[in-house]
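Only one structure is covered here, and it is reproduced in the block below.
The values are calculated or read from the model by the stated rules, or taken from the named source; none is laboratory data. Quick caveat, the model's predicted, so the values are computed rather than measured. Cβ sites come from the backbone with ideal geometry, for glycine too, and all protein chains shown count toward neighbours.
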Amino acid sequence: MPGARTTVASKACDACRTRKVKCDLGPSSSSSESRCRRCMRLDLACTFDRPSGHRGPRKKRFLNEALSVTQPHISPAAATTISPLESIVAAPVITPSHTTSTPILFTPEQQQLALNTASPDTYHHGYLDHQHLPQIPVYPTDGLCARPLVRLIVDDFLRLVYPLIPVVHRPTFRRAFAQDRDVDNTVFLSLLLAICSVTVGVLPSRFAAYRSWQPGPPLRFEGREEMLNYCYDTIIRLRGPRYFDEISFDKLAVSYLLTVTFFQIGDQNRSRMMEVEAMQLGRLLQVHKIQEYAGLTCVEAQLRKKGFWLLFYAHVHSELQNLRKEKLSFLDAQLLASINLEELLPLDVDDEQIEEDKVLPSTREGPCLTTAFIIHSRVFWASLRPVNEQQQAPVEAPCICRPWRNRAAHITHLRSRLHEIKYMLDVLPPKLMPWAPPSSESDALGRQFAALRANIHVTHLWLQSIILDLLEVDHQHEPSTRSEYWTQREDIARQLLHLLHAIPERDIEPNGLHLAFKVRDIAVGLLEDDVASPDTTPSRRPPASAKRAAAYIDELTRILARLDRSEQANIVNLQSWVDTGRVRTT
C-alpha cells in the first residue's frame, strides 16, 4: 500500500541472518506471530532462535581441526535419515577463510529452505556442527565426504587412474584443487565429483579403504553404486539452463569420466548416453581438426589431443562391437579419411614440462607416461588404417569397420591390418615390454607403467582376435584357412596368459572392466572348436588342440572371476532399455 510504513527488526530472523539481509517485518503490526516479508514469500518459519555470534574477525580453522571437534558429535543414526542430495544442499556454502571468492553453488533460497526444513542432525550428517558452523570452512564436496578424504581419492586418481585416462593437466589441476576452485566454479566442482566417481568405479578395491578411512568421518555410502549415483545427481543439479552455451574441455572431461564410471558398474544405458554427450562436445570443440588448434595454449592443445584419442578408442570399440548398430559414432569413414592422425598425437612429454605458453625439454631418461599413451593410440589407429602411411588415405579406402564391395579387397585389407598389428610392438622401451619385471608396492611410477603395459598389450592381442573374427566370417567354408586362424588364436591366448600372470592384479585393476571385457572376447574365440568343411559337415579339432583350448579357457575364467567386479551383468550387446511406445497393455 502506498505510504505504508515498514518496521526493520532490531534483530534479524534466522533466515535473514543466514542471507545477511535486512529483516523487513512489513507494515507495523502488534501481532506476535507476524513474519517478515521474505519468510512469508518463501513460506518459511520466521524464527529468532539462532544465538548471536561474537563480533570481530573470526578465527581461522583448518578443516582437519574442525572435523576433530565435530567428529564425536556425529550421530550414526542420523546418517540414514537424509538423502545424499539433501546433505549437500543442507550444508551452506561458506567460502574458506583463505579465499575471497564468492560461492555460487546454490541459491540463497535453496540454502535457506534446507536450513529451515532439515533437522539438526543434518549438520552432523554433513560433518558439520550447528554451533560451529560460522567458524568452519565448508566445501561443496562435504556432502560427498570430508575434504581430507576427497584429497585421498583425488590422489588415487592421479597415481593410478590418470595414466590411463589423462583428462586433466596435472600441475594445473593440482593448483586449482589446492586453491579450492570448486568453491566458486561449478564446472571444476563437477570435474572433481566426476574424478571421485571414476576412481571409485575403476578401483573397487579402494572403496573399502574409503569406507574405513581414519581419522575423521569415513565414507558414508554403503555401496559403490550409491556413491556414484550421488555424484551423478549432484553434477546434473549443478547444470543451469545455459550449461551448453559455453563449452570447454573440462565439460568434455566430465562427460567422458561419467561414461567410464557407469561402464564400470554395468550401467550401460547411462554410459551410452554420457558417451554421446562427450562425443558431441568433442565435435563442438573440434578436437579432430588440427587446424582449429591455432590460438590454444600449449596446455589446452595437449588436453584436446588426448581427448581426441580417448574418443577415438570408443569409436573403434563401437565400429567393431556395435552389433545392434544402435550407438552413434564419433567419426564416419569420410571424416576419418580426411584427418591427419599423426598431427593429432600428443607431445611426447610429461604434463610437468608443458606450460601455458611453452613446452620445456624433457628431463626424464627413457619413456614418460605420454609415451605409453601414444603407443596405445597407434595400436588403435592400426586397426583401421596403416600407421606408417605417408599420405592421407583416399575417401573410398577399405576399412575394418565395414565390408568392402569387393570381397577380395576387403580380405586383403583385413590381413594387412592383422599383419601390421601383430608385429608393431616388437620394438618398445624396456619398461613397456610384456616381460618387464613387476613393480614393487612402493614404486609409484613402476606401478603406473605396469598398468599401461597391461593396457597396451591386452589391446594389442584383443584387436588381433577381433580381426580374426572378421576373417573367419569370410572364410567360414574354407577349413584350411580357418585352421590357420585357430593356430593364431591359440598363440594369442598363450601370450595373454603370460602377460596376465606377469603383471600383479593390483596393477591391472586401474584398467577396469575395459580390460576384463577384452580378455573375455579373446576367451570366447576359443569356444569355437569345429572346423567347417565345404559340405558343412563339422570335423572336430585334434584332441591336443582341444585340450589346450580347454586349459586356456579354464585359466582365463579364473582370472576374469577376479578382474570383473561389475555389480550388474554384462549386457553391452543386449537391448537393456524399454521402448514405452511399444508396450501393449492386455
Condition first: surrounded by fewer than 17 Cβ atoms within 10 Å (Cβ to Cβ), not in a helix (DSSP H, G or I) and not charged (D, E, K, R). Now tell me which residues in region 201-230 satisfy that.
Ser212, Gln214, Pro215, Pro218, Gly223
Please tell me if Val316 is closer than 25 Å to Ile522 by Cβ and either part of a loop (DSSP other than H, G, I, E, B) or not small (Gly, Ala, Ser) (or both).
yes
Is it the case, given these coordinates, that Val287 is in contact with a helix residue (DSSP H, G or I) (Cβ under 8 Å, 6 or more places away or on another chain), part of a loop (DSSP other than H, G, I, E, B), surrounded by 22 or more Cβ atoms within 10 Å (Cβ to Cβ) and not assigned by TED's automatic domain parsing to the domain that holds Ser465?
yes
Determine the pairs where a residue that is assigned by TED's automatic domain parsing to the domain that holds Val524 and modelled with pLDDT of 70 or more, located within region 463-488, has a partner that is among the polar types (S, T, N, Q) and part of a helix (DSSP H, G or I) with Cβ atoms under 6 Å apart, the partner being 6 or more residues away or on another chain.
Leu463/Ser383
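Per-residue answers, yes or no, for (1) at pLDDT below 90; (2) more than 23 Å from Thr259 (Cα to Cα):
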{"position": "Leu128", "(1), (2)": "yes, yes"}
{"position": "Pro137", "(1), (2)": "yes, yes"}
{"position": "Cys145", "(1), (2)": "no, no"}
{"position": "Arg151", "(1), (2)": "no, no"}
{"position": "Phe157", "(1), (2)": "no, no"}
{"position": "Leu160", "(1), (2)": "no, no"}
{"position": "Pro163", "(1), (2)": "no, no"}
{"position": "Ala176", "(1), (2)": "no, yes"}
Test Leu328 against the criterion of being crowded, with 16+ Cβ neighbours inside 10 Å and of a type outside the set (S, T, N, Q), and give yes or no.
no
